[in-house]
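J.: My structure is below; once you've seen it, I'll send some questions.
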Amino acid sequence: MSEKRQKSKKWHNHELKIEKALVAYFESKNYIVRTHSCIDMFDVVCSKVDNKDHVNEIIGIEIKSSKDRLTKLKKQLPQYIHIFDKIFIAMESQNCNLSLPFFIGIIKYDQNTINFERDAIRVSGSLFPSRVVTASALQRTIGLSEGIKSRHNELSIFLEGLENLRRKIIYNSIFFNNSLPLSAEERTLVDFIIDKNVIELRESKIFKYDFGKVIINQKEIQEKEGSNVK
């Protein structure tokens, strides 16, 4: 074996022990875990799904062993930020003197034990409202326009539905061997997005009103599911 391949093997063995500890920890917390996903772009991905096939969160973890060069993080972090709800850097104790954005969590690995030195702050929706317009920002904007004040509830539930749909598409792309079906509400949103004949929310008939509460209408899609929609 060449010297270069021997060094590469030692480096991967260093990462592997951290990876095994992370997988064991998150699986014990009822997370679904996948390693080396998206052509080895992401080291460890963890997700929690409720009993209604709703993806509650997707966590991305980048492993940095004592043999790693931390300069690579500058290129890697933007990929994580655009995809995951929470981001952690898992590293060995001697690598913890690193300046990271405040929303990124730090996991220490030491002698087959992992400790959360700093928790991650949820990225989606809260830190980057340009990706999902928050309800408070929406209320302020609508407050300036008398004509669409009554549409606040519909727009809020629509944006929340889009974020849930985005998260499930990401989940299915990463956990493709354990993919989840789209719910009736999510399929209704997909139909609205791809229907070029509908240009306004109020024309789409995607909303249902139940004692003043706005929800995504699922009657139409349930009728389809009785036929051949999968």
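J.: Are there any pairs, at least 6 apart or on different chains, whose C-beta atoms fall under 8 Å, with the first in the range 174-196 and at negative phi and free of Cβ contacts under 8 Å to residues at least 40 places away in the same chain and the second hydroxyl-bearing (Ser, Thr, Tyr) and surrounded by 12 or more Cβ atoms within 10 Å (Cβ to Cβ), and if so, which?
T.: Partner pairs satisfying both residue conditions: Ser179/Tyr171; Phe192/Ser204; Asp195/Ser204.
J.: Give the residue that is farthest from Ile89 (Cα to Cα), with candidates limited to residues of the range 45-73 that are polar (S, T, N, Q) and assigned to a loop (DSSP other than H, G, I, E, B).
T.: Asn51
J.: Counting only residues that are β-branched (Val, Ile, Thr) and over 16 Å from Ile87 (Cα atoms), how many does the range 33-54 have?
T.: 2
J.: I need a count of the residues in the range 138-177 that are within 19 Å of the chain's Cα centre (by Cα) and either at pLDDT below 65 or among the aromatic types (Phe, Trp, Tyr) (or both).
T.: Qualifying residue count for the region: 4.
J.: Does any residue of the range 26-45 turn out to be touching a residue at least 12 places away in the same chain (Cβ under 8 Å), more than 29 Å from Gly161 (Cβ to Cβ), touching a strand residue (DSSP E or B) at 6+ places or on another chain (Cβ under 8 Å) and hydrophobic (A, V, I, L, M, F, W, C)?
T.: Scanning the range 26-45, I find no residue that is touching a residue at least 12 places away in the same chain (Cβ under 8 Å), more than 29 Å from Gly161 (Cβ to Cβ), touching a strand residue (DSSP E or B) at 6+ places or on another chain (Cβ under 8 Å) and hydrophobic (A, V, I, L, M, F, W, C), so the answer is no.
J.: Also: If you go through the range 44-80 one residue at a time, how many are over 15 Å from the mean Cα position of the chain (by Cα), surrounded by 12 or more Cβ atoms within 10 Å (Cβ to Cβ) and either modelled with pLDDT of 90 or more or polar (S, T, N, Q) (or both)?
T.: Residues flagged as over 15 Å from the mean Cα position of the chain (by Cα), surrounded by 12 or more Cβ atoms within 10 Å (Cβ to Cβ) and either modelled with pLDDT of 90 or more or polar (S, T, N, Q) (or both) within the range 44-80 amount to 4.
J.: Moving on to the next point. Taking the residues in the range 94-122 that are part of a strand (DSSP E or B) and over 16 Å from Tyr80 (Cβ atoms) as candidates, determine which candidate is modelled with the lowest pLDDT.
T.: Asp110
J.: When you look at Asp40, is it under 16 Å from the mean Cα position of the chain (by Cα), charged (D, E, K, R) and either closer than 23 Å to Lys17 by Cα or surrounded by fewer than 21 Cβ atoms within 10 Å (Cβ to Cβ) (or both), yes or no?
T.: no
The values are calculated or read from the model by the stated rules, or taken from the named source; none is laboratory data. These numbers come from a predicted model, not from an experiment. For neighbour counting, all protein chains shown are included, and Cβ atoms are generated from backbone atoms with ideal geometry for every residue, glycine included.
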